[in-house]
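The values are calculated or read from the model by the stated rules, or taken from the named source; none is laboratory data. Just so it is clear, the structure is predicted and the values come from calculations on it, not from any experiment. Cβ: placed from backbone, ideal geometry, glycine included. Neighbour counts: every protein chain shown. With ligands, DNA and RNA removed, areas are computed over all heavy atoms of the protein, side chains included. Shrake-Rupley method; radii C 1.70, N 1.55, O 1.52, S 1.80 Å.
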Amino acid sequence: IILGAFHGTESSGAYSIATRIAILSGFGLIAINSVIPAFISKYFARNNLITVQKISTFAARLNFTFSLFATFFIIYFDNFILNIFGSEFLIASNSLKVLCIVQLFNSMSGSVGFILIMTGNQKSVLSILIKTTFLHLISCLILIPKFELLGASIATGITIILTNLLLTIKCVKKIGVDPTILGFLS
């Protein structure tokens, strides 16, 4: 909306397509997040944090592997993919690359939001999401007027990376589980 307000519907439409394509590089996380909450809840209820850690680490590493390949594919074929929608969408090439790299970082954090929610820490998740949403709005208002689509993707990237970092810190402090690809499988 902010991009469209500053730079019109052409930029907004191209950015919209770039975000939808970039989500494909994070598809593994979407798939994993449809399965993992039940396991996290089950083993957390049994106070089996070792199994919660193992599941979290395995899922994060599996998702990261998928995201890594998808990201490289999308970045390598970005112009071809964008051109499918029309040559006017090629202006989103750099934004698409940034958003794919951001999705890669997102995948490194694993299912951190779901882990916190399924372990009774939904208020912490909500608090962090509210704060980072405001950060996103401010970042957009600062970066979009000057950098257009790239500014929008950088603002989104800053927000996603910070959100995942804060959620990861909260997860480690609150329940003692590292949900990232660096988690331990012991």
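Structure values in brief
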item: Per-residue SASA entry for Ile181, accessible area with 1.4 Å probe, Å² rounded to 10; result: 30 Å²
item: Among Ala60, Ala155, Ala45: highest mean-square fluctuation, GNM of the chain, C-alpha pairs under 10 Å; result: Ala45
item: The chain: most fluctuating residue of Phe69, Phe105, Phe114 per GNM, C-alpha cutoff 10 Å; result: Phe69
item: Mean shadow area of the stretch 49-186 over all directions, Cα convex hull, nm²; result: 8.9 nm²
item: Built amide H within the under 5 Å cut-off of Asp178, gap 5+; result: Phe184
item: Computed [θ] at 222 nm, helices only, for the chain once each DSSP H run of length n ≥ 4 contributes -39500 (n - 2.57); result: -28500 deg cm²/dmol
item: Hydrodynamic radius of the stretch 108-156 per Kirkwood, over alpha carbon pairs, in Å; result: 12.2 Å
item: Portion, in percent, of the accessible area of the stretch 141-186 that falls on carbon or sulfur, probe 1.4 Å; result: 74 percent
item: At least 20 Å along the helix axis (C-alpha) and Kyte average at least -0.5, DSSP helices within the chain; result: 2-25, 49-76, 93-108, 122-175
item: Carbon/sulfur fraction of accessible area - the stretch 1-84, other protein chains in place, 1.4 Å, %; result: 70 percent
item: 13 Å beta-carbon shell around Val177, net charge (K/R +1, D/E -1); result: +3
item: Computed log₁₀ I(q)/I(0) - Debye formula, equal Cα scatterers, no solvent, the stretch 1-50, q 0.18, 0.27, 0.32 Å⁻¹; result: -0.67, -0.92, -1.03
item: Candidate lysines for bridging to Lys173, where Cα separation is under 18 Å - those fewer than 8 sequence places away on the same chain excluded; result: Lys54, Lys123
item: Average accessible area per residue (Å²) across the chain - probe 1.4 Å, nucleic acids and ligands excluded; result: 53 Å²
item: Local electrostatic count, Ser12, Cβ distance below 14 Å [Lys/Arg +1, Asp/Glu -1]; result: -2
